[in-house]
1. Considering every residue within the range 91-107, establish whether at least one is farther than 21 Å from GLN49 by Cβ and touching a strand residue (DSSP E or B) at 6+ places or on another chain (Cβ under 9 Å).
2. With respect to THR113, determine if the residue is of a type in the set (S, T, N, Q), in contact (Cβ under 8 Å) with a residue 60 or more places away in the chain, buried (at least 21 other Cβ atoms within 10 Å of the Cβ) and farther than 26 Å from GLN148 by Cβ.
3. Say we look at the range 167-190 and pick out the residues that are over 16 Å from VAL81 (Cα atoms) and of a type in the set (Phe, Trp, Tyr); which of these is surrounded by the most Cβ atoms within 10 Å (Cβ to Cβ)?
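Where a number appears in this text, it was derived from the coordinates with a stated rule and is not lab data. Fair warning: this is a prediction, and the values are worked out from it, not measured in the lab. Reconstructed Cβ throughout: ideal geometry from the backbone, glycine too, with neighbour counts over all protein chains shown.
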Amino acid sequence: MRAYLALLEELERRRRGNSLAVYKPYDRQAEFHAAGATNRERLFMAGNQLGKTRAGGAEWAMHLTGRYPDWWVGKVFDQPVRLWAAGVTGEGTRDNPQRVLVGPPQQQGEWGTGMIPADAIADTVMGRGAPGALDSVVVRWGGGGDVQAGESVLSFKSYEKGREKWQGETLHGVWFDEEPPLDIYSEGLTRTNATDGITIVTFTPLLGMSDVVLRFLSAEAIQGLGSSPPQGGVAA
């Protein structure tokens, strides 16, 4: 009996340490991922608790590790990547994208229970702002079969720091969790130009027809919406 319980505990530990392996997107999440195969910029709008941040975190974990599931038809990077994940404030970035990617911010013993598998986290660098907030994570990439192992780097940012803090670096992708100001979005997109990289935006539409939302809507869609705020969906 004791051996059986120990086996169950070990299986649960492995499951908690590899959330990415059990991620199965529902239809709108799958549509969002698939659009990355042909679009550099993507938007996933939906209400609260409908899987926007989870979808963003799962995709970012795939790119960071190079572990793409058999069902994946979206964007693929064939080398280690440098990615950013950002929210409105340092606390918001910590409590949303960092939590989904790494695990509960205030419980370091639980880091590795987010979308980045525990065995892929090579190192973490603490930030100087909100307690429990990370500055960056070094992630093991590839290493299976004939693929040479490498390291990806994930850094966390916030909009409140201003556009100047977003300048300079060359990136493969930027994830905006919650709607960014247009100047921040434009600067993030610029960071990906040299790599033909991607940007993804995941948020609940609270600001109505903002400049960022308008980038993703066709003229027909804008005319149909009028002045009403968008209710959600996937756009690229």
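1. no
2. Details: of a type in the set (S, T, N, Q): yes; in contact (Cβ under 8 Å) with a residue 60 or more places away in the chain: yes; buried (at least 21 other Cβ atoms within 10 Å of the Cβ): no; farther than 26 Å from GLN148 by Cβ: yes.
Here the answer is no, as THR113 does not meet what is asked.
3. The qualifying residue surrounded by the most Cβ atoms within 10 Å (Cβ to Cβ) is PHE176.
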